[in-house]
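Trainee: Submitted below is the structure of interest, expressed as structure tokens.
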Amino acid sequence: MYRYDEFDSRFVNERVAQFRRQVKRRLGGELTEDQFRPLRLMNGLYLQLHAYMLRVNVPYGTLSSKQMRKFAYIARTYDKNFGHFTTRQNIQYNWIKLEETPDILQHLADVEVTGIQSSGNCVRNITADQYAGRAKDELADPRVYCELLRQYSFLHPEFSYLPRKFKIAVTGSPNDRAAVAVHDIGLRMHKNEQGEIGFEVLVGGGLGRTPYIGQTIRKWLAPEHLLSYVESILRIYNMQGRRDNIHKARIKIIVNQMGIDKYRELVDQDWEFTKNGVLKVPDDEVARIDSYFAPPQYEKLADQTDALAKIRSGDRAFDRWVRGNVIEHKVPGYAIVNVSLKAPGKVPGDITADKMDAVADLADRYSLGEIRVTHRQNLVLVDVKQSELYELWHKLAELELATPNLGLLSDIICCPGLDYCALANARSIPIAQDISRAFTDLDELQKIGQFTINISGCMNACGHHHVGHIGILGVDKRGEEFFQLTLGGSSDQHASLGDRLGPGLPQAEVPAAIRKIVDAYLVIRQQNERFLDTYRRVGIEPFKAAVYGEESRAA
Amino acid sequence: MALVKNGELVTSSFVDASGAEAIPATGPVIVNLDQWKAHRDELLKRGTPLGIRLHSDQAPELIAGDVQHFAVVALEFPKFRDGRSYSYARLLRERYGFKGELRAVGEVLLEQLFFMLRTGFDAFEIVSADPLKDYRTALADFSVWYQPTADGRPTAMQLRRKH
């Protein structure tokens, strides 16, 4: 993985020292809270309901065991012994003291991790496919370009006061696991007609109160032009994005107001001046960064299909876990292991300090020291020998980290909600817990098949509810929490936004409503059709009837 | 309000008439875009240095053909959160070839000087008890830059490639 050189490390240390001075000025009253807010936000520090929250980037989801141990140390020393992995490949600490933040950031800088631009109206953490560099279905490793973008975006003098936040996601696989279509810029690596690898560039996707699927602004972009092209998109946005209304300030709004063709025209006009200039990415810099992502020294192994089949036939629980949580690796004899943070009744994405340490140990012992963080709030060990899967599974199971529910109904995405967040209208965590407790039968989960439930505690949509097969949105109705369901959302390469099912439900009725939807689906699905495909085939009516009764059809 | 230009405390020789009803008859003057459009010919004839002050919703494209007439372009930050003038500064420097004084006016906070300098500003209206000290402190925060922008400082990438 990428390692800081002298420049990177000097930069983050200077950033910590700068923030230390800013905190001092804030505590001394030299800065007003209004002036301090953007400074702390651009270091990842939010003020929540009960305390400060610190959001730390895991750049493009790649983490070393050493960094994970530091996360555990922070949780233990400065927080309440746990952290929360988010849909943005970040970790959040919920109980932080302002005056301790510079020390925390210094600890993180020591292991090459930062909170820089994890918040604020700037380019946020660059996210990517969690299996980057390892997945068998991958065309190219996107991380070299993520790292270029990370450096390019850090304290960009022109783009640190954008109209609103700006999120970029990259996938190097045709199977989009990074949800690029719902980002301000989505980058899909693919080959052009000459067989050269480049980027399809999507722009204007996003969730929040006005969700949009991103539109293609450029079908194929040569990698050497990545920075200049992104810069032109950002420049047009910075100059033309709305500044009068925070709810209409994202790039998706102007892209959809002026139309993608007009936006493309403006970008191309600007880009004409810069495309062959100083931002052209030199091959040697690509090679320098790429060398950090070179595959580790794998042993020459054969696939263990037969040996595994033998163990699997004798151990049903292991078999289930392999089928669910283990993914094909591009190198023979190795496997990608997903570590579920979604045990029944647990808070999705939460993990204790002790378990962070344990995962770091397992990564060292079984996975060449590398861990990945997924936007679906799970962890991944990317380089596990197939011959050691059984042993690893036992150890994960002891830690309650082997729930075999990856991609199944109880693998729920959930924002922190009103338990922590100052923006929330409703508590999303208890809903996630209730649903996961209502669906614990592993045979049943498997029978239901691929299923995503995404829960947001407010319309800001941190829980990506619009793109869950079932989305759940918490709303406040005259002081009471209600939950609106949407069906048919998806964030993959065939992204779609969910349709509203009907009136909001009180918390207590949500698990039963999910049950009714699932039951209706099981009756009408054809063969092994996923819920999403059934929904796309039959539409919303059967599910409306299932939840609200037949009379709802007339209403 | 102090004016720091190229790292020195200076007194502006310009009268800022951009908010005034009438433009003074003589002397260096800063006008707004409407005044410039209405009185362009007279202003050019008077033979004194000219400046123009642009709101954050007035892109420099509007004066792209005229930049050679201005000794000063003042770009406004009506609120520090309004970051449009960072792009305007770069366009003026890098695209329209403006070589004169590029002055940051409005809500110019110390934390932003570094960004302003890097996008091509060389003069700053600062509210401070000790403007020069604050200016120097604010600019000493960083010694590493990742983006090639108008100020021409070598980026980390360029320095790496020299090695």
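Trainee: Quick one: B:Ala22 ticks every box in (1) in contact (Cβ under 8 Å) with a residue 12 or more places away in the chain; (2) part of a loop (DSSP other than H, G, I, E, B); (3) more than 14 Å from every other protein chain (Cβ to nearest Cβ); (4) aliphatic (A, V, I, L, M) except a single one, so which number is it?
Mentor: Unmet condition: (1).
Trainee: Considering B:Val67, B:Val31, which residue is assigned to a helix (DSSP H, G or I), modelled with pLDDT of 95 or more and surrounded by 13 or more Cβ atoms within 10 Å (Cβ to Cβ)? Reasoning before the result, please.
Mentor: Working: B:Val31 fails: assigned to a helix (DSSP H, G or I).
None of the others qualify; the one that does is B:Val67.
Trainee: Of the residues A:Gln484, A:Gln527, which is part of a loop (DSSP other than H, G, I, E, B) and over 17 Å from the mean Cα position of the chain (by Cα)?
Mentor: None of the others qualify; the one that does is A:Gln527.
Trainee: Here is a follow-up. Take A:Arg40 and decide whether it is more than 29 Å from A:Ser491 (Cβ to Cβ), within 14 Å of chain B (Cβ to nearest Cβ) and surrounded by fewer than 24 Cβ atoms within 10 Å (Cβ to Cβ).
Mentor: Working: more than 29 Å from A:Ser491 (Cβ to Cβ): yes; within 14 Å of chain B (Cβ to nearest Cβ): yes; surrounded by fewer than 24 Cβ atoms within 10 Å (Cβ to Cβ): no.
No.
Trainee: Residues that are more than 24 Å from the chain's Cα centre (by Cα), modelled with pLDDT of 95 or more, polar (S, T, N, Q) and closer than 25 Å to A:Leu442 by Cβ: does the stretch A:308-316 have at least one?
Mentor: Within the stretch A:308-316, the subset more than 24 Å from the chain's Cα centre (by Cα) is A:308-316.
Checking which are modelled with pLDDT of 95 or more leaves us with A:308-316.
Still in the running and polar (S, T, N, Q): A:313.
Next cut, closer than 25 Å to A:Leu442 by Cβ only: A:313.
Yes, the stretch A:308-316 contains at least one residue that is more than 24 Å from the chain's Cα centre (by Cα), modelled with pLDDT of 95 or more, polar (S, T, N, Q) and closer than 25 Å to A:Leu442 by Cβ.
Trainee: Look through A:Lys346, A:Lys330, A:Lys342 and report the one residue that is in contact (Cβ under 8 Å) with a residue 60 or more places away in the chain, in contact with a Pro (Cβ under 7 Å, 6 or more places away or on another chain) and among the charged types (D, E, K, R). Explain how you work it out, then say what you get.
Mentor: On the way: A:Lys346 fails: in contact with a Pro (Cβ under 7 Å, 6 or more places away or on another chain); A:Lys330 fails: in contact with a Pro (Cβ under 7 Å, 6 or more places away or on another chain).
Of A:Lys346, A:Lys330, A:Lys342, the one residue that is in contact (Cβ under 8 Å) with a residue 60 or more places away in the chain, in contact with a Pro (Cβ under 7 Å, 6 or more places away or on another chain) and among the charged types (D, E, K, R) is A:Lys342.
Trainee: Which of (1) away from chain A (no Cβ under 14 Å); (2) aliphatic (A, V, I, L, M); (3) in a helix (DSSP H, G or I) does B:Ile52 not meet, given it meets every other one?
Mentor: Here B:Ile52 clears every test but (3).
Trainee: Next up: For the stretch A:223-246: of the residues being outside any helix (DSSP H, G or I) and of a type outside the set (Gly, Ala, Ser), which is nearest to A:Leu423 (Cα to Cα)?
Mentor: A:Asn245
Trainee: Just one of A:Phe7, A:Phe19 is facing chain B (nearest Cβ under 10 Å), closer than 17 Å to A:Ile104 by Cα and out of contact with any Cys (no Cβ under 6 Å at 6 or more places or on another chain); which is it? Break it down into steps so the answer makes sense when it comes.
Mentor: On the way: A:Phe7 fails: closer than 17 Å to A:Ile104 by Cα.
Of A:Phe7, A:Phe19, the one residue that is facing chain B (nearest Cβ under 10 Å), closer than 17 Å to A:Ile104 by Cα and out of contact with any Cys (no Cβ under 6 Å at 6 or more places or on another chain) is A:Phe19.
Trainee: Could you give me the residue pairs with C-beta distances under 8 Å whose first residue belongs to the stretch B:137-161 and is in contact (Cβ under 8 Å) with a residue 60 or more places away in the chain, whose second residue is of a type in the set (Asp, Glu) and surrounded by fewer than 20 Cβ atoms within 10 Å (Cβ to Cβ) wherever it lies, and which are 6+ apart or on separate chains?
Mentor: Every condition considered, the pairs that remain are B:Ala150/B:Glu94.
Trainee: Scan the stretch B:95-116 for residues that are more than 8 Å from every other protein chain (Cβ to nearest Cβ) and closer than 20 Å to B:Val67 by Cβ and jot them down.
Mentor: Listed by number, the residues that qualify are B:Tyr96, B:Gly97, B:Phe98, B:Lys99, B:Gly100, B:Glu101, B:Leu102, B:Arg103, B:Ala104, B:Val105.
Trainee: Would you check which residues across the stretch A:250-281 are surrounded by 13 or more Cβ atoms within 10 Å (Cβ to Cβ) and either within 11 Å of another protein chain (Cβ to nearest Cβ) or closer than 24 Å to B:Tyr146 by Cβ (or both) and list them?
Mentor: Answer for the stretch A:250-281, where residues must be surrounded by 13 or more Cβ atoms within 10 Å (Cβ to Cβ) and either within 11 Å of another protein chain (Cβ to nearest Cβ) or closer than 24 Å to B:Tyr146 by Cβ (or both): A:Ile251, A:Val267, A:Asp270, A:Trp271, A:Phe273, A:Thr274, A:Lys275, A:Val278, A:Leu279, A:Lys280, A:Val281.
Trainee: Is it the case that B:Thr11 is surrounded by fewer than 14 Cβ atoms within 10 Å (Cβ to Cβ) and within 30 Å of B:Tyr135 (Cα to Cα)? Don't jump to the end; show me each part of the working.
Mentor: On the way: surrounded by fewer than 14 Cβ atoms within 10 Å (Cβ to Cβ): yes; within 30 Å of B:Tyr135 (Cα to Cα): yes.
Criteria met by B:Thr11.
Trainee: Find the strands (runs of 3 or more DSSP E) located wholly in the stretch A:149-222 whose residues include 3 or more that are crowded, with 22+ Cβ neighbours inside 10 Å and outside the structural domain of A:Thr87 (by TED's automatic domain parsing), and list them. Before the answer, list the steps.
Mentor: Working: elements: A:168-171, A:185-191, A:197-203, A:215-221.
Of the strands (runs of 3 or more DSSP E) lying wholly inside the stretch A:149-222, those with at least 3 residues that are crowded, with 22+ Cβ neighbours inside 10 Å and outside the structural domain of A:Thr87 (by TED's automatic domain parsing) span A:168-171, A:185-191, A:197-203.
Trainee: Kindly provide the set of residues from the stretch B:71-97 that are over 18 Å from A:Pro163 (Cα atoms) and either aliphatic (A, V, I, L, M) or surrounded by fewer than 21 Cβ atoms within 10 Å (Cβ to Cβ) (or both), ordered by number.
Mentor: Within the stretch B:71-97, the subset over 18 Å from A:Pro163 (Cα atoms) is B:71-74, B:91-97.
Matches in the stretch B:71-97: B:Ala71, B:Val72, B:Val73, B:Ala74, B:Leu91, B:Leu92, B:Glu94, B:Arg95, B:Tyr96, B:Gly97.
Trainee: Right, here's the next one. Just give me the residues in the stretch A:425-467 being among the aliphatic types (A, V, I, L, M) and over 19 Å from the mean Cα position of the chain (by Cα), in sequence order.
Mentor: Taking the stretch A:425-467 first, the residues among the aliphatic types (A, V, I, L, M) are A:426, A:429, A:431-432, A:435, A:438, A:442, A:445, A:448, A:453, A:455, A:459, A:461, A:467.
Within the stretch A:425-467, A:Ala426, A:Ile431, A:Ile435, A:Ala438, A:Leu442, A:Leu445, A:Ile448 meet the criteria.
Trainee: Please go through the stretch A:42-60 and give me each residue that is in contact with a Cys (Cβ under 9 Å, 6 or more places away or on another chain) and either within 20 Å of A:Ile116 (Cβ to Cβ) or modelled with pLDDT of 95 or more (or both), ordered by number. Can you show your working first?
Mentor: Narrowing the stretch A:42-60 to residues in contact with a Cys (Cβ under 9 Å, 6 or more places away or on another chain): A:42, A:46, A:48-49, A:53, A:59-60.
Residues satisfying the conditions are A:Met42, A:Tyr46, A:Gln48, A:Met53, A:Pro59, A:Tyr60.
Trainee: Take residues that are touching a strand residue (DSSP E or B) at 6+ places or on another chain (Cβ under 8 Å) and aromatic (Phe, Trp, Tyr) and tell me which of the helices (runs of 4 or more DSSP H) falling wholly in the stretch B:83-163 contain 1 or more.
Mentor: Correct list: B:84-90, B:131-139.
Trainee: Oh, and also: Among the candidates B:Val29, B:Val15, B:Val10, B:Val72, which residue alone is touching a Pro at 6+ places or on another chain (Cβ under 6 Å), away from chain A (no Cβ under 14 Å) and either touching a residue at least 24 places away in the same chain (Cβ under 8 Å) or farther than 27 Å from A:Ile236 by Cβ (or both)? If you could, list the steps in order and put the result at the bottom.
Mentor: Working: B:Val29 fails: touching a Pro at 6+ places or on another chain (Cβ under 6 Å); B:Val10 fails: touching a Pro at 6+ places or on another chain (Cβ under 6 Å); B:Val72 fails: touching a Pro at 6+ places or on another chain (Cβ under 6 Å).
That would be B:Val15, the only listed residue that is touching a Pro at 6+ places or on another chain (Cβ under 6 Å), away from chain A (no Cβ under 14 Å) and either touching a residue at least 24 places away in the same chain (Cβ under 8 Å) or farther than 27 Å from A:Ile236 by Cβ (or both).
Trainee: I'd like to verify a number: residues in the stretch B:34-64 that are acidic (Asp, Glu) and crowded, with 16+ Cβ neighbours inside 10 Å, how many? Step through it out loud before you land on a result.
Mentor: We begin by selecting, within the stretch B:34-64, every residue acidic (Asp, Glu); these are B:34, B:41-42, B:57, B:61.
In the following step, the residues that additionally are crowded, with 16+ Cβ neighbours inside 10 Å were identified as none.
Looking only at that region, the number is 0.
The values are calculated or read from the model by the stated rules, or taken from the named source; none is laboratory data. As the structure is a computational prediction, the values presented were derived from the model and not from experiment. Please note: Cβ atoms are built from the backbone with ideal geometry, for glycine as well, and neighbour counts cover all protein chains shown.
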